[in-house]
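Chemist: Take a look at the following structure, please.
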Amino acid sequence: MDSLIVEVIFVFATAVGFQYLLPIAFKGLGQRKELAPERFRWAQASKPLTGGLGMFIPILLIYGVRWVTRPEIPVLLPFLTAALIVGLLDDWFSLSPIPKLAGQFLCGLLAWYSGLQIEWTHMPYLDLILTCVLLSALMNSINMLDNMDAVAGFAVLSSILPWLSVSNGILPHDFWWICSGILGFLLLNYHPSKVFMGDSGSHLLGAILFWFVTIQIKSDIGTSYSIWGATLLVISLLFFPLTDTLVVTISRIIRKQSPLIGGRDHLSHLLVKGGLSQAAVAWLIGLVNLLIGLVVRYWRPSPVLMVPAIILLFLGFSLWYFRIFRTNRV
């Protein structure tokens, strides 16, 4: 326990330090994206896209310290590193969708061979494809959610927090380090932010969430749930990022706009247009995610209750979204 506290403090302090230092070393990171039309950007100010690196380097350092006692660490590092690199390449060169998707699927292959596998069909090749698709969906979901100061960071942090344990329980101690790294980033990403996470950060957090998802599915299957019941549990934990992505995508398709180009039509944007402050929106999303996680962990609702609850939440979210959208054109 004492060593864990020291490690968490180390990661947090190091993450804060790198969030200050990296913008100086990587001034040009994200310049191509700054050339995109301003109407697609929420924040008008140009800020460094180094948040992902600032989160990853402290975690890499703590992994190096624990390498001797954690022989499984080298297995996961290529997966997390590849996710960061794909995002960095997108930040630096503004990749088109096909190369970006190819990079995400490469991360899926590394996840599969790291033991992070989604085994829904028990047919290896089909499960491998499903693993790659789910990982890509999570990466793009966090990328779309990263549309306002602190929103994505709060959403990911609040999804993981209810499942932390000081013992070797539901989640390994790695997630304590990850959460402290995210907190170090949020210290500078909280509104008004000084740094953005960039695609490197959204891809890294997507990979971390995928790791979290596979642990939860396998843990729940080992207790009282079928694989589909465990999957429903995970969907409830990731409800906001997945639903926001789905509703925004459907909305843009209806309006004959490309879902692949950023816009100011996410729920976070509409809530600000409706009168909430940017800081309040981040807290609201984080608290809703945290509440869902606490209910799922300590109440453990059955799939019979979860299916209608998820459907009702999705319909309520969608109706709320379109009602705000009609009265606050963005």
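No value in this document is a laboratory result; all are computed from the given coordinates. Just so it is clear, the model here is predicted, and its values are computed rather than measured. For neighbour counting, all protein chains shown are included, and Cβ atoms are generated from backbone atoms with ideal geometry for every residue, glycine included.
Chemist: With no solvent and one equal point scatterer per Cα, compute the Debye intensity ratio I(q)/I(0) for the range 77-214 at 0.22 Å⁻¹ and report its log10, rounded to two decimals.
Modeler: Ignoring solvent entirely, the Cα scatterers give -1.37.
Chemist: Okay, moving on. If each residue's Cβ is checked for other Cβ atoms within 10 Å, how do Met306, Met148, Met197 rank with the fewest at the top?
Modeler: Working: Met306 17, Met148 22, Met197 30.
Least to most surrounded, the residues fall as Met306, Met148, Met197.
Chemist: Would you please classify the overall shape of the range 101-168 from the alpha carbon gyration tensor, given that a ≥ b ≥ c denote the square roots of the eigenvalues, rounded means a/c under 1.5, and beyond that prolate means a/b larger than b/c while oblate covers the rest? Working shown, then result.
Modeler: Values: a/c = 2.70, a/b = 1.37, b/c = 1.96.
Judged from the Cα gyration tensor, the range 101-168 comes out oblate (a/c at least 1.5, b/c at or above a/b).
Chemist: Using the count of nearby Cβ atoms within 10 Å as a rough guide to exposure, how do Tyr321, Tyr125 rank from fewest to most?
Modeler: Numbers: Tyr321 21, Tyr125 8.
If I rank by nearby Cβ atoms, fewest first, I get Tyr125, Tyr321.
Chemist: At q = 0.17 Å⁻¹, what is the log10 ratio I(q)/I(0) for the range 129-196, with the Debye formula run over Cα points and no solvent?
Modeler: One equal scatterer on each Cα of the range 129-196 leads to -0.73.
Chemist: R0 = 45 Å: FRET efficiency of Ser277 with Ala25, Cβ-based, nearest 0.05?
Modeler: Values: r = 32 Å, r/R0 = 0.72.
Efficiency for this residue pair is about 0.90.
Chemist: Here is a further query. Rounded to the nearest Å, what's the spacing between the alpha carbon centres of the range 118-139 and the range 275-304? Just the number, please.
Modeler: Going from one Cα centre to the other spans 27 Å.
Chemist: Follow-up question, since we're still on this one. Charges at C-beta only: +1 for Lys and Arg, -1 for Asp and Glu. How large is the resulting dipole of the chain about its Cα centre, in Debye rounded to 20?
Modeler: So the dipole magnitude of the chain works out to roughly 1040 debye.
Chemist: Quote the relative contact order of the chain in percent (integer), defining contacts as alpha-carbon pairs under 8 Å separated by 6+ residues. The partial results should precede the final answer.
Modeler: Details: 428 pairs, mean separation 80.1, N = 330.
Once normalised by length, the contact order is 24 percent.
Chemist: Follow-up question, since we're still on this one. How large is log10 of I(q)/I(0) for the range 2-327 at q = 0.07, 0.08 Å⁻¹ when the intensity is taken from the Debye formula with one equal scatterer per alpha-carbon?
Modeler: For the requested q values the scattering log ratios are -0.26, -0.35.
Chemist: What ranking, highest mean first, results for peptides 130-138, 186-194, 269-277 when packing means the other Cβ atoms within 10 Å averaged over each residue? Walk me through the numbers before you get to the answer.
Modeler: Values: 130-138: 20.7, 186-194: 18.8, 269-277: 16.4.
Order by mean packing, descending: 130-138, 186-194, 269-277.
Chemist: While we're here: Per DSSP H run of n ≥ 4, the term is -39500 (n - 2.57); total these for the chain, divide by its residue number, and report the mean residue ellipticity at 222 nm rounded to 500 deg cm²/dmol.
Modeler: Per the formula, -24000 deg cm²/dmol.
Chemist: Taking the Cα atoms of the range 244-323, what is the range of coordinates along each of the three principal axes, in descending order and whole Å?
Modeler: Principal-axis extents of the Cα atoms in the range 244-323, largest first: 40, 28, 22 Å.
Chemist: I would also like to ask the following. Just subtract the alpha-carbon distance of Val295 and Thr121 from 0.36 nm times their residue separation and send over the number in nm, one decimal.
Modeler: 59.8 nm
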